[in-house]
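Visitor: Right, I'll just put the structure down here and ask away after.
We did not get these values from a lab; they are worked out from the coordinates using the rules stated. Keep in mind the model is a prediction, meaning the values are calculated, not measured. Here the Cβ positions follow ideal geometry from the backbone for every residue, glycine too, while neighbour counts run over all protein chains shown.
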Amino acid sequence: MSSMIDTRSGALGQGFGGYCLGGQWGMEYIKAVLKTLNVENWEDLVGTHCRLDAESSKVHRIGHIIEDKWFDPENDLKHLIPPPERENRD
């Protein structure tokens, strides 16, 4: 399972996400998006205003429209991503 939050600014749009949402990482991702944007349900994201820290090829983090609250999945959840040398052990 994955998610992509489509954002719009006038005629321009960009997506935030595209990550695989499996396991604890996925649950923490969903909770962080909801907490950052002050919504209680995923469905409430539709129409929610936000800020983006982005370049033309990628949205790095998403932020609350007024409050100084940001979510950067690759930085904020890096403690949940197993190091590459541990992924294939068994």
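Visitor: Rounding to the nearest 10 and keeping the result within 0 to 90°, find how far the Cα-based axis of helix 23-36 lies from the longest principal axis of the chain.
Guide: Roughly 20 degrees between the two axes.
Visitor: With the contact rule set at Cα under 8 Å and sequence spacing of 6 or more, what percent relative contact order holds for the chain?
Guide: So the answer I get is 21 percent.
Visitor: Kirkwood Rh over alpha-carbon pairs of region 8-58, then Stokes-Einstein at 25 °C and 0.890 mPa s: what D in µm² s⁻¹, rounded to an integer?
Guide: The calculation lands on 197 µm²/s.
Visitor: Right, next: Between THR7 and residues 5 or more places away or on another chain, which pairs have amide H atoms under 5 Å apart, with H built 1.01 Å from N, and which residues are they?
Guide: Answer set, sorted by chain and number: GLN14, GLY15, PHE16.
Visitor: Separate question: Taking amide H positions as placed 1.01 Å from N in the peptide plane, with prolines and chain starts having none, which residues 5 or more places from ALA54, or on another chain, fall under 5 Å of its amide H?
Guide: Excluding prolines and chain starts, which carry no amide H, the hits are HIS60.
Visitor: May I pose another question? Give, to the nearest whole percent, the P(r) tail of the chain beyond 20 angstrom, counting all Cα pairs. Walk me through the intermediate numbers first.
Guide: Working: 1460 of 4005 pairs.
Roughly 36 percent, once rounded to a whole number.
Visitor: Then there is this: How large is the dipole of the chain about the Cα centre if only Lys and Arg carry +1 and Asp and Glu carry -1, each at its Cβ, rounded to the nearest 20 debye?
Guide: Around 80 debye, computed over the chain.
Visitor: Another one. Based on DSSP loop calls and a cut-off of at most 15 other Cβ atoms within 10 Å, the longest stretch of the chain free of exposed GluC sites (Glu not before Pro) is what? Walk me through the numbers on the way to the answer.
Guide: Values: sites that count: GLU40, GLU67.
Longest gap between qualifying sites, sites excluded: 1-39.
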